[in-house]
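Please treat every number below as a calculation from the coordinates, not as lab data. These figures come from a predicted structure and were not determined experimentally. Don't worry about glycine lacking a Cβ; one is built from the backbone with ideal geometry, like all the others, and counts go over all protein chains shown.
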Amino acid sequence: MPADRHNAQDGPGAFDGITSFIGMRWEDAQTIKLQIRPELINRGGLLSGVVTYALVDYCMGSTLWAQTSADEQIATISISINYIQTATEGEIVCRTVLDRRNRTVGALKSEVSAADGRLLCTAIGTYAIFPRRYPPAEPSA
């Protein structure tokens, strides 16, 4: 989620330690890509499920974040993910759609695909929307 929610379409790169380590790159608020590299492969020789889960969580968060006002915050309530296939190399992309949003909850769905079009996983998630309790965090230097 970019620091400035209203410029989410600008497609920023990583913005915290997790997104930096994993290598997430935003195309827009609803689309995140990453290049698979050896550090993301688990002991079984496959892309770690933690990576795809994080990709889904950040993509869902940025999709909803782009639809909030400056006095709102969000937090993940639940994500259900179905792993269909895996990948061991190349680029993967997560695309998210906001299905429904009301005053207090957002419902989203995501798909993660390999560059060759293979569907790797699907997910549905819900996020809490609530009044901002803290001032916005300053971007780290």
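Magnitude of the charge dipole for the chain, about its Cα centre and with charges confined to Cβ atoms of Lys, Arg (+1) and Asp, Glu (-1), is about 380 debye.
Given the alternatives (1) 1.05; (2) 1.00; (3) 0.97, Rg/Rh (Cα atoms, Kirkwood Rh) as computed for this entry is given by (3). Against the main long axis of the alpha-carbon atoms of the chain, helix 49-65 sits at an angle near 30°.
Extension gain for ASP99-GLN35 works out to 20.3 nm (0.36 nm per residue, less the C-alpha to C-alpha distance).
Can you compute the FRET efficiency between ALA128 and GLU27 using 1/(1 + (r/R0)^6), with r the Cβ-Cβ distance and R0 = 25 Å? Round to the nearest 0.05. The partial results should precede the final answer.
Values: r = 26 Å, r/R0 = 1.04.
With R0 = 25 Å, the Cβ-Cβ based efficiency is 0.45.
Relative to the Cα centre, the charge distribution of region 38-109, modelled as +1 at Lys and Arg Cβ and -1 at Asp and Glu Cβ, gives a dipole magnitude of about 280 debye. In a fully extended conformation the segment linking THR76 and THR88 would gain 1.5 nm over its present Cα-Cα distance, using 0.36 nm per residue. Here the 3J(HN,Hα) profile of region 18-29, calculated from phi with Karplus coefficients 6.51, -1.76 and 1.60 at θ = phi - 60°, is 5, 5, 5, 4, 5, x, 5, 10, 7, 8, 7, 4 Hz, Gly and Pro shown as x.
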